[in-house]
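Below is one structure, written out as structure tokens; the observations come after it.
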Amino acid sequence: MKIALFSDTYPPEINGVATSTYNLRKTMEDHGHEVLVVTTNPFSKEVSFENGVIRLPGLRLKRLYDYRLSSFYNEKAMRIIVNFRPDIVHCQHDVGVSIFGNLVAAKLHIGSVYTFHTLYEDYAYYVTKGHFDRFARQAIRLYFRGKAGLYDEFIAPSIKTKDYLRSIGIDSTVTVIPTGIEFERFSPLNADKAKTAELRQQFNLSPDDFIVLSLGRIAKEKSIDVVINGFAAFLRRYPSIKAKMLVTGWGPAEKELQALAAKLQIADKVIFTGKCDPDQTQWYYHLGNVFASASLSETQGLTFMEAMAAHLPVLARYDDNLAGTVKDGVNGFFFADEEDFAYKLKRIYDLGTEGRKKLGNAASDSIEDYSMEKFYANVYEVYKRVAKKSW
């Protein structure tokens, strides 16, 4: 099968949609399919086509993580796509590149699939700055109800996302398919000890430091401030414990969170590592003793799954999205607030090396449903079903 993937973000950009799109392309190609990716161009103002990736120039959105917004149509790209002759179009976003995907599906009379990766209502703040927020959320719901007829089927990465789609009035076929994880890549058995030692030296981490890791986009909706406040409470309550927090990633809230750490007088304990390449994230997971997140905006939570694949216990604020995956006291812990974060973090610390290893092994064992093979099989079933509709 020939598949055209349309996404407004793709590696080397670092975010869940970019990672999911990359993983989808990789597993499809590994199973003998041909894949063409259409995405934005962060490197040039020209159209480029290299290694199966068409990159379209676009407007840089400084207020929204420096994402690029491309035009809805490009003649040069269309010629490449028509020559490729895809059997199916799969869109990962809603504007720019993905609207182009809608036009391609209509022009070539082929089926189209849309994966709902992002709960856009959680991002209304970046546009409204808190003004007319209710109106903005209603507009988002109306927009998606209007788009329902543009696609043959929807994919949701979690039940939480499917429930949201139903709640806003989308009655199209929705299949829940969690994005696959490359277990081998994140496994401690494949850790690069030299690279890990290099990073430890770079960030001044001692062998006996207890490391709390936060990895991902640094933004308001990720609630990293809750984790930093909880970590500060942990340090106040247990001052004799040598602990540090690594915040890996980039985003618009970085300076604000650095200021918070300074205000809490733990700036020397909270290390902002900056961006890391998507193919290097496993090294950062291998630095941690526990992965912590307070985000409630995830549609699946790829970083949670990657951490668990790296045999890291997870300390997460409760979210329906994680229910059934994170098992309290078995492969990680849920926390309710900042004080509870400090208490649960101490419980993980008190387990010691062997106890945390047991917790981490249980975390790895509990994510079998997120294997790349299952991801491939489930997506391919959707593709076959949608392709038949356009025969």
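The values are calculated or read from the model by the stated rules, or taken from the named source; none is laboratory data. These numbers come from a predicted model, not from an experiment. Reconstructed Cβ throughout: ideal geometry from the backbone, glycine too, with neighbour counts over all protein chains shown.
Observations, loosely collected:
- Qualifying residue in region 321-328 (condition: touching a residue at least 24 places away in the same chain (Cβ under 8 Å) and more than 24 Å from Lys220 (Cβ to Cβ)): yes
- Qualifying residues in region 152-175 (those that are polar (S, T, N, Q) and free of Cβ contacts under 8 Å to residues at least 60 places away in the same chain) - the one farthest from Ala307 (Cα to Cα): Ser172
- Entirely in region 147-237, the strands (runs of 3 or more DSSP E) that have 3 or more residues that are in the same structural domain as Asp30 (by TED's automatic domain parsing): 153-156, 174-176
Okay, residues lined up against (1) at pLDDT 95 or above; (2) among the polar types (S, T, N, Q); (3) surrounded by 20 or more Cβ atoms within 10 Å (Cβ to Cβ):
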position: Met245; (1), (2), (3): yes, no, yes
position: Pro252; (1), (2), (3): no, no, no
position: Gly274; (1), (2), (3): no, no, no
position: Tyr284; (1), (2), (3): yes, no, yes
position: Thr303; (1), (2), (3): no, yes, yes
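- Residue tally, condition free of Cβ contacts under 8 Å to residues at least 40 places away in the same chain and either within 20 Å of Tyr151 (Cβ to Cβ) or surrounded by fewer than 22 Cβ atoms within 10 Å (Cβ to Cβ) (or both), over region 34-56: 14
- Of all residues making up region 57-95, the number that are outside any strand (DSSP E or B), crowded, with 18+ Cβ neighbours inside 10 Å, out of contact with any Leu (no Cβ under 7 Å at 6 or more places or on another chain) and at pLDDT 95 or above: 1
- Meets criteria (in contact with a helix residue (DSSP H, G or I) (Cβ under 7 Å, 6 or more places away or on another chain) and in the same structural domain as Val227 (by TED's automatic domain parsing)) for Glu339: yes
- Taking every residue in region 222-245 that is polar (S, T, N, Q) and pairing it with any residue that is surrounded by 21 or more Cβ atoms within 10 Å (Cβ to Cβ) and part of a helix (DSSP H, G or I), at least 6 positions away or on another chain, the pairs with Cβ-Cβ distances below 9 Å are Asn229/Phe341.
- Within region 337-391, the set of residues being within 23 Å of the chain's Cα centre (by Cα) and basic (Lys, Arg) comprises just one member, Lys374.
- Boolean, Val270 is under 30 Å from Leu142 (Cα atoms) and touching a helix residue (DSSP H, G or I) at 6+ places or on another chain (Cβ under 6 Å): no
- When Lys344 is tested against the conditions (1) modelled with pLDDT of 95 or more; (2) within 22 Å of Asp30 (Cβ to Cβ), the lone failure is (2).
- So Ile241, is it assigned by TED's automatic domain parsing to the domain that holds Gln300, aliphatic (A, V, I, L, M), closer than 21 Å to Arg200 by Cα and not in a helix (DSSP H, G or I): yes
- Contact map, region 176-196: residues that are without any contact (Cβ under 8 Å) to a residue 24 or more places away in the chain and within 28 Å of Glu381 (Cα to Cα) paired with residues that are assigned to a loop (DSSP other than H, G, I, E, B) and hydroxyl-bearing (Ser, Thr, Tyr), Cβ distance under 8 Å, separation 6+ or inter-chain. Pairs shown: Val176/Ser158.
- Of the strands (runs of 3 or more DSSP E) lying entirely inside region 278-371, those containing at least 3 residues that are within 19 Å of Ile14 (Cβ to Cβ) and either of a type in the set (Val, Ile, Thr) or in contact with a strand residue (DSSP E or B) (Cβ under 8 Å, 6 or more places away or on another chain) (or both) span 290-293.
- Within region 1-54, the set of residues being in a strand (DSSP E or B) and of a type in the set (Phe, Trp, Tyr) comprises Phe6, Phe49.
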